[in-house]
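Here's the structure, in structure tokens; my notes come after.
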Amino acid sequence: MRTIDDKIVYELNLATPTQSFRSEVDPKAHCADLYRQLTQIYNERGTLIQRCVEEAREELKGMQSEIVKRRDDPLFMRKVRSEQSKVRELQNESSIEEIIRERSLKVFYEKCHLFYKPPQPTSKPQ
């Protein structure tokens, strides 16, 4: 799902050609379309990561009540630690997602600011 972020510079070079090729490409339309793709994928990825975090937390919450009873069960305690690690990893993934989003949007604004101004968000995307 991060393909567009990995290829952001390439996509922006296609969207904002040099002056000699500008008659063949509409940079405003390309920048607008790229921004739409970016925001759509950011919303989808954010939603998926958040859902995974919530599911892992719920699983962990269900285990919390059994910890007192099963503290001496090494397999159960290993599963609890594994679930705790999963929650931490997913929270880290959310932070990584934010870094990727900021990096890609910075490059987008640097290349497209002359051709396209995105609408002001009414609320911060998740």
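The values are calculated or read from the model by the stated rules, or taken from the named source; none is laboratory data. Just so we're clear, the structure is a prediction, and the values are computed from it rather than from any experiment. Neighbour counts are summed over all protein chains in view; Cβ atoms, including those assigned to glycine, are modelled from backbone coordinates with ideal geometry. Side chains are part of the model used for accessible areas, which takes the heavy atoms of the whole protein and leaves out ligands, DNA and RNA. Shrake-Rupley method; radii C 1.70, N 1.55, O 1.52, S 1.80 Å.
Tabulated data for the structure shown
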{"item": "Unique residue being in contact with a Pro (Cβ under 7 Å, 6 or more places away or on another chain) and within 25 Å of ASN13 (Cα to Cα) when the list is PHE115, PHE108", "result": "PHE115"}
{"item": "Candidate set from the stretch 16-34 (those that are open to solvent by 80 Å² or more (accessible area, probe 1.4 Å), farther than 16 Å from GLU110 by Cα and assigned to a loop (DSSP other than H, G, I, E, B)); member that is modelled with the highest pLDDT", "result": "ASP26"}
{"item": "Test result for GLU11, out of contact with any Ser or Thr (no Cβ under 9 Å at 6 or more places or on another chain), crowded, with 16+ Cβ neighbours inside 10 Å and modelled with pLDDT under 85", "result": "yes"}
{"item": "Restricting the stretch 79-98 to residues that are of a type in the set (Gly, Ala, Ser) and exposed (fewer than 12 other Cβ atoms within 10 Å of the Cβ), the residue that is nearest to LEU34 (Cα to Cα)", "result": "SER95"}
{"item": "Residues located in the stretch 99-119, provided they are assigned to a helix (DSSP H, G or I) and either in contact (Cβ under 8 Å) with a residue 40 or more places away in the chain or surrounded by 13 or more Cβ atoms within 10 Å (Cβ to Cβ) (or both)", "result": "ILE100, ARG101, ARG103, SER104, LEU105, VAL107, PHE108, TYR109, LYS111, CYS112"}
{"item": "Subset of the stretch 46-78 [acidic (Asp, Glu), closer than 16 Å to GLN91 by Cα and exposed (fewer than 14 other Cβ atoms within 10 Å of the Cβ)]", "result": "GLU54, GLU55, GLU58"}
